[in-house]
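For reference, the structure is listed below as structure tokens.
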4 protein chains.
Amino acid sequence: MTSREPVRIALVGAGRIGSHHATAIAHELHTAELVAVVDPRVDAATALATDLGARPEADARAVLADPEVDAIVVTTPAALHRDLIVEAAKAGKHVFTEKPLTTELAEADECVAAAAQAGVVLQVGFNRRFAPGFAAARRVVDDGRVGTPQLLRSLTRDPGPYDGDPERTPLWTIFLETLIHDFDTLRFLNPGSEVTEVTAHADALIRPDARQAGFLDTSIVHLRFDNGAFATAEASFSATYGYDVRGEVFGDGGMAVAGSGRTSDMEYYGPDGVAYGTSRADTDLLHSAYVAEFAAFVEAVRGEAPAIPTGEDGVKALEIARAAILSVQQSRTVSLGEVAR
Amino acid sequence: MTSREPVRIALVGAGRIGSHHATAIAHELHTAELVAVVDPRVDAATALATDLGARPEADARAVLADPEVDAIVVTTPAALHRDLIVEAAKAGKHVFTEKPLTTELAEADECVAAAAQAGVVLQVGFNRRFAPGFAAARRVVDDGRVGTPQLLRSLTRDPGPYDGDPERTPLWTIFLETLIHDFDTLRFLNPGSEVTEVTAHADALIRPDARQAGFLDTSIVHLRFDNGAFATAEASFSATYGYDVRGEVFGDGGMAVAGSGRTSDMEYYGPDGVAYGTSRADTDLLHSAYVAEFAAFVEAVRGEAPAIPTGEDGVKALEIARAAILSVQQSRTVSLGEVAR
Amino acid sequence: MTSREPVRIALVGAGRIGSHHATAIAHELHTAELVAVVDPRVDAATALATDLGARPEADARAVLADPEVDAIVVTTPAALHRDLIVEAAKAGKHVFTEKPLTTELAEADECVAAAAQAGVVLQVGFNRRFAPGFAAARRVVDDGRVGTPQLLRSLTRDPGPYDGDPERTPLWTIFLETLIHDFDTLRFLNPGSEVTEVTAHADALIRPDARQAGFLDTSIVHLRFDNGAFATAEASFSATYGYDVRGEVFGDGGMAVAGSGRTSDMEYYGPDGVAYGTSRADTDLLHSAYVAEFAAFVEAVRGEAPAIPTGEDGVKALEIARAAILSVQQSRTVSLGEVAR
Amino acid sequence: MTSREPVRIALVGAGRIGSHHATAIAHELHTAELVAVVDPRVDAATALATDLGARPEADARAVLADPEVDAIVVTTPAALHRDLIVEAAKAGKHVFTEKPLTTELAEADECVAAAAQAGVVLQVGFNRRFAPGFAAARRVVDDGRVGTPQLLRSLTRDPGPYDGDPERTPLWTIFLETLIHDFDTLRFLNPGSEVTEVTAHADALIRPDARQAGFLDTSIVHLRFDNGAFATAEASFSATYGYDVRGEVFGDGGMAVAGSGRTSDMEYYGPDGVAYGTSRADTDLLHSAYVAEFAAFVEAVRGEAPAIPTGEDGVKALEIARAAILSVQQSRTVSLGEVAR
């Protein structure tokens, strides 16, 4: 398509993150146009679409069949990703999908293959790559100032108190939904290398009452890369101080650290010392990163730049998550090669 | 006007800051529509307008006469502000003007009167009020945690090296264009109080060769407020490390500080210690503040919120700047009441 | 004296700061020996001396006459400095005196002359020169990375709440006891230049009830240096957040900032954001600087290094303080040359 | 002993750290007296002793037999610790030993038993407990603001470039000499809990040429505590930016982080952004912590306070190190109970 026309986007999945993304696309992305919001919960679709000047749809097939739709943004539950992505690709629609690409590796492979066959863009929502601090960390890796990475760290802590319902949360959520970000971040900060081994530890420390049922809310994962680097990924479902997302890459040339939950550069000095505020939500802390990744998606759709992170990046992160799950299940180190498809 | 329609804006003045603002309005403000770009330099107007899907105009009268224009954004040289603002008000157009409101007090009063008479919004571009750190500082003043302000500081240092031409720079530029921001910031951080006395010092330290001609590139201004607070405003045309904008308000309850030129939260640790990058331009450091002030302007035009900072705020800052100029001319402390209109 | 023997010190003035200094000398300075503590309040002298293994004396003449005393440390009220210093010099004793050297310029000159005539060391307790951050700031001035200083700032805020008694506090205390530190710091950060003009502003903002009596608890002083640099010195008797001592030197090469009240590098992240503690006392924040200045004094006594800051530095800071007082009295800018002796 | 008399200390081992410690004790500890320096390398002992006003000895038996010696400080190679400590205890001497207590668990147990039997103090040199930031972190754990620890981290990176000789470095040095600090730190930040399982990973990334010989210069160790907390200990022999020692404890109430290599609070702003310096040596970064731990030792000797960290703390850290070594040897998670004595 010519680059002067806005990319016409239909968003599928009008939940919390879908609402954020639809609004960001409609209000802050001059290169795109939000044409439809799809959700089987018609009320939700209608409310969001009306608010943003788009049309509501109950069924994704309507937008996949619509020649006036160039691309879809997938913000449904992960279990629905595979079908949506494959169908969209077949319909010639470009796809931006929230992480994880899928929860099953075989399905992830199918998505990548479908997009490749159709020649459409498939981009995965690993937003940290677009956060200024993480992007800057990658630049000092790329320019050689970090040298060869030797020790890496990435962590995600959701703002507390935890108010989820363990009974309604799939057991492997911490790996497939949370740590998947860290697995991608670690690959991003150690470019050109791949993970070879995973040793994962996890438990229900926030909700020990749900431990018996297999619930996991706290985890720490050790990774080995093929360039020798060691890495740690860490997650918690509840940080009292807000949303905490950090990265660190240490090499034989130096170290880059990224990530701060600061809400602004204001500091208050009072009787209790010095204090500054922290972000309470990903949509707050990473809002500009979300906008930037959609801008990159539009550029990829227009053929102006490659889609990054790619479907393959989504597969790689999922492989690591799957290896971590196997590691927890079997209480041992797992080679990436062992992960079944 | 009803709040669902975009406010139709014509921007007048297609220079550096005008180009930034036009782009921000066209690309990042879903509540506004950039309909025209005005500049007597037709090439500049045409290039910018075409790029942003607006129409070019050589003469502001065309947009003032156009019923399809709701508001104008003034980014011309300050000498042209008075006529444009008064004419726009007469034509029933809302006005957002870059600082300073005007360079002469009598003209500033005329602008305020014209807007009042026409019942249109007049907002002045004191962007720091919209920078997250400064806004947060004001909040801890408002919530009482700073107590009664006693000592304040605001500074502006332009990124160096200085590449301006002293011969083409009006003598009082440092007061009327640069420190005018700090004068507003100090009023913003000491709400409800007004400046009573000004003692200003200034010199050509960056370009001492231009001192003889009266050029001033470095200044420090002492202010007294009617609640007793002392304040310092400081400016330099050349900071090697980038664009430096900071504020500090100290009271009997505590202190708030704001302002950091950091480009991201990334820090690099290397053989020379730890380092982070700084911003090199106001349009970089304060980009989101600019977008936020336009969003506030649109809300004011729609009648959803008051226009802040108002034309009166523009007058007050100009009074201080004029007192500072008088103080430098006469090497003495000047009362605000002495400033002639 | 040979450098292997400890310097035998008598401390005169067993008040708050004298007790701190006596303890630091006795416990942390292996190159010195505290031999006597002098105070007309015999109980105070005895308690402190006994605790530190020194002998108490009620009258300084006893230690000045004692050949086993090499040097005295003066921590009496400033009004007693002149007589003590001159007598000590006549007795051949080296002198370290807390700031201010004296409160009257003529007396300060006498002290310097007496020390010069006797060939003894006279060092003034401007402790910030020995604080690591300020010393490091001076180094980046000396190594050229700041370039020519253009704008400087130094401030002192005592920890609040203010519990002094305005009726028992000499009117000019804020200049002679507090800002005298900042005047020296500004000279220290702009080496080779001297102050030429002073414009001072001051008021009773913390204790407005004492304003009528002439009490001053908040002040801001503008200084001009002979290399063109502008400087600001700022003081308050009450900062709720603790003891605040900061310096900033900005030049055509860059800027150095120093000063942080942090008690440690620990940061606590909790529901209210991120916070760290601040120092509540000079003897806490600057303890190591005090020890370092005594170590430097001992080196000077042993002839291993020059005494810095010198008596002349004490005179220069006092000249500025006297000019500031005159400026407040006459509400005008005062040239250093006007300061009477 | 009565608390007014200085504790008479003989230091055994006049190497790099021994020289630092002897000097600190002689010059900065008014509650102690350095009476002897022991080293079979008579030149080293003599040089150091002479410099500090102590007597040199070639054989530790001389000081153990000396009734004028109250305590010894052990800074010899770790292989000599057991004999020295046991003999000293038998001789009724109090013992401060640098870490590790010993390299073999059975020997560590013997040391603890010998000290208990003799009723002498046995303190181990885990200096971080005395660094202000780490001590403050422990305080916010103790006061409940961190809540129950869930995720901890401690790391040690020696300043680079690495100039050691792999051939002369025992294979397990990174665990027994470096990470032993982190194992203690993690126990210190999770008080009342003990480690139950260890999974260690290590490699020669800095000197891959020495990998074949079994050399290890980079390691990451995962620990599980009996209160459920997960912890990571990380070490590298070469950080280009200096000596890096950090700790982090995250719990259901909040997080405390400690550790910064900053040399002062000075920051330099220049054309490349903002930078501050970092420490290049433990004896620089942790100097005040070393002095503080000796002061605590003296207090323990005088019976004024318990010896902390105790010999038992030394045993616990060594158990973890031994488990980590076993984990690396067998590439599996190791229970603390498996560690042989």
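Computed from phi, the 3J(HN,Hα) profile of the range A:134-142 under the Karplus parametrisation 6.51, -1.76, 1.60 (θ = phi - 60°) reads 5, 4, 5, 4, 4, 4, 6, 6, 5 Hz, with x in place of Gly and Pro. Here the alpha carbons of the range A:258-341 define both size measures, Rg and Dmax, at 20.1, 58 Å. In terms of Cα atoms, the Rg and Dmax of the range A:218-296 work out to 16.3, 51 Å. Calculate the length of the line joining the C-alpha centroid of the range C:299-336 to that of the range C:177-211, in whole Å. What the calculation gives is 11 Å, centre to centre.
Straight-distance candidates among the lysines for linking to residue A:316, with alpha-carbon spacing under 28 Å and chain neighbours fewer than 8 residues away dropped: A:90, A:93, A:99. Relative contact order of the range C:7-127: 22 percent, from C-alpha pairs under 8 Å at least 6 residues apart in sequence.
Taken across both chains, chains A and B shield about 2200 Å² of accessible surface from a 1.4 Å probe.
Distances between equivalent label points of residue B:51 across the copies, with each point positioned 7 Å along Cα→Cβ, amount to 3.4, 6.5, 7.1 nm, shortest listed first. Distance from the axis that maps chain B onto chain A is least for the Cβ of the chain B residue given, with the whole Å value, as B:28, 3. Over chain D, the pair-distance histogram of Cα-Cα distances with 10 Å bins from zero comes to 6, 24, 33, 26, 10, 1, 0 percent, rounded to whole numbers.
For the residues C:108, C:116, C:89, a GNM of chain C with alpha-carbon springs under 10 Å puts the largest fluctuation on C:116.
Listed values for the range D:286-291 are Karplus-derived 3J(HN,Hα) couplings in whole Hz (6.51 cos²θ - 1.76 cosθ + 1.60, θ = phi - 60°), namely 10, 3, 5, 5, 4, 4, and x replaces Gly and Pro. Counting only protein heavy atoms and a 1.4 Å probe, tell me what percentage of the range D:80-176's accessible area is made up of carbon and sulfur. C and S atoms contribute 49 percent here. According to the Kirkwood relation over distinct C-alpha pairs, the hydrodynamic radius of the range D:7-127 is 13.9 Å. Here the range D:179-243 was treated as a single set of alpha-carbon atoms; its pair distances binned every 10 Å from 0 give 20, 42, 26, 11, 0 percent. Ascending distances from the residue A:211 label point to its copies in the other chains, with the point 7 Å along the Cα-to-beta-carbon line: 3.8, 6.4, 7.5 nm. Note: relative contact order over chain D, using C-alpha pairs below 8 Å and six or more positions apart, is 19 percent. Taken per residue, the accessible surface of the range D:7-127 reaches 36 Å², heavy atoms only and a 1.4 Å probe. The length gained on full extension between residue A:341 and residue A:16, counted as 0.36 nm times the residue separation minus their Cα-Cα distance, comes to 113.9 nm. Estimated translational diffusion coefficient (Stokes-Einstein, Kirkwood radius over Cα pairs, 10 °C, 1.306 mPa s) of the protein assembly as shown: 46 µm² per second.
Remark: relative contact order (the range A:219-341) = 13 percent; criterion is Cα-Cα distance under 8 angstrom and separation of 6 or more residues. Ranked from shortest, the separations from the 7 Å Cα-to-Cβ label point of residue A:340 to its equivalents in the other copies are 3.8, 9.3, 10.0 nm.
For the protein assembly as shown, what proportion of DSSP beta bridges, expressed in % and rounded to the nearest 5, is antiparallel?
60
Dimensions of the range D:136-236 from C-alpha coordinates, computed as largest minus smallest value along each principal axis and given longest first, are 47, 26, 16 Å. Rolling a 1.4 angstrom probe over the range D:207-252 with all protein chains present gives an accessible area of which 46% lies on carbon and sulfur atoms.
The values are calculated or read from the model by the stated rules, or taken from the named source; none is laboratory data. Every value quoted in this text rests on a predicted model; they were computed, and no experiment measured them. Neighbour counts are summed over all protein chains in view; Cβ atoms, including those assigned to glycine, are modelled from backbone coordinates with ideal geometry. With ligands, DNA and RNA removed, areas are computed over all heavy atoms of the protein, side chains included. Shrake-Rupley method; radii C 1.70, N 1.55, O 1.52, S 1.80 Å.
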